[in-house]
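Here the structure comes first, spelled out in structure tokens, and everything after it is commentary.
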Amino acid sequence: MRILLWPVHRWVWLDTARRARKLLRFAETEADGGRDLVRAAEVTPDPLLRRLFLFHSRDELRHAELFRRRGAALLNALNRPSRAGFRADWIAPGERGLDDLRVEELKDDVLLAFLHLSEKSAATDFALYRDVLRRDPSTRAVFEEVLGDEVYHMNYTLSQLVRVSPHRHRLLLWRARASRLWKGYLRIALVLAGIISGLILTILYFTLLVPFAFLAKHAARQEPTGWRPVSSARDSSLDRQY
């Protein structure tokens, strides 16, 4: 599916301002993931996982710095604001991090299953971004460096999941995959809902509000405005009554 969207990803990353914005957003995601992994290392009772989570957290923070520096460099290199803007950011969202999971409420095997799928998705996306950024070797080098760590993270989380939960790891992976698909569906549904609601409001504006406004303006022109003069005959009749 991602390979079929290669032209879309290439178009998304073509604009320099949008590229910088995405890199800065990746930096925030990586930094958030690093903090969550530190919390996971604090609460896990497994000493091996504690050490691996801390190493993983260190990598995430280093990735955040790489993305932040490159994004800032691209923004500084812009001579004028981009006309493309950031409207297409949602088309290629990239890594989603831990999706605001409360790691202290998850068992180690559940967290490992989610981490494995997240890192696997990130490795696939980053490899694709690296391939479409042939005209930007500096940004391509950042993804190349980060990609090596993501592959390692993907492998260690799977091996530790099998160690921690040898009989349930397939079920946990299936549940984590279903959860990610559901959250992805909700994100797409929110975007489509915003587009559809905007389209409906536009249609209502031109089909209802504009005609009614025209009719009201036309009716206002037909009605006399201000004080109307009283005829002399009506004025004399009023004097006789008093």
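The values are calculated or read from the model by the stated rules, or taken from the named source; none is laboratory data. Predicted model only: the values in this text are computed from it and were never measured. Counting neighbours? That spans all protein chains shown, and the Cβs are built from the backbone with ideal geometry, glycine included.
When the range 122-155 is filtered for residues that are farther than 22 Å from residue 73 by Cα, buried (at least 18 other Cβ atoms within 10 Å of the Cβ) and either without any contact (Cβ under 8 Å) to a residue 60 or more places away in the chain or aromatic (Phe, Trp, Tyr) (or both), the ones remaining, listed by number, are 122, 123, 150, 154. Of the listed requirements (1) closer than 30 Å to residue 106 by Cβ; (2) among the aliphatic types (A, V, I, L, M); (3) surrounded by 16 or more Cβ atoms within 10 Å (Cβ to Cβ); (4) at pLDDT below 95, residue 43 misses just one: (3). Mind listing whichever residues of the range 120-138 are β-branched (Val, Ile, Thr) and out of contact with any Phe, Trp or Tyr (no Cβ under 8 Å at 6 or more places or on another chain)? The one that is β-branched (Val, Ile, Thr) and out of contact with any Phe, Trp or Tyr (no Cβ under 8 Å at 6 or more places or on another chain): 124. Can you confirm whether residue 113 is under 21 Å from residue 32 (Cβ atoms), buried (at least 20 other Cβ atoms within 10 Å of the Cβ) and modelled with pLDDT under 65? So residue 113 fails the test. Across the range 38-58, the qualifying residues are those that are touching a residue at least 60 places away in the same chain (Cβ under 8 Å) and either among the polar types (S, T, N, Q) or touching a His at 6+ places or on another chain (Cβ under 7 Å) (or both), and the one among them that is farthest from residue 154 (Cα to Cα) is 44. So for the range 64-79 (the condition being closer than 22 Å to residue 129 by Cα, modelled with pLDDT of 90 or more, surrounded by 14 or more Cβ atoms within 10 Å (Cβ to Cβ) and in contact with a Phe, Trp or Tyr (Cβ under 6 Å, 6 or more places away or on another chain)), does at least one residue qualify? Within the range 64-79, one or more residues are closer than 22 Å to residue 129 by Cα, modelled with pLDDT of 90 or more, surrounded by 14 or more Cβ atoms within 10 Å (Cβ to Cβ) and in contact with a Phe, Trp or Tyr (Cβ under 6 Å, 6 or more places away or on another chain).
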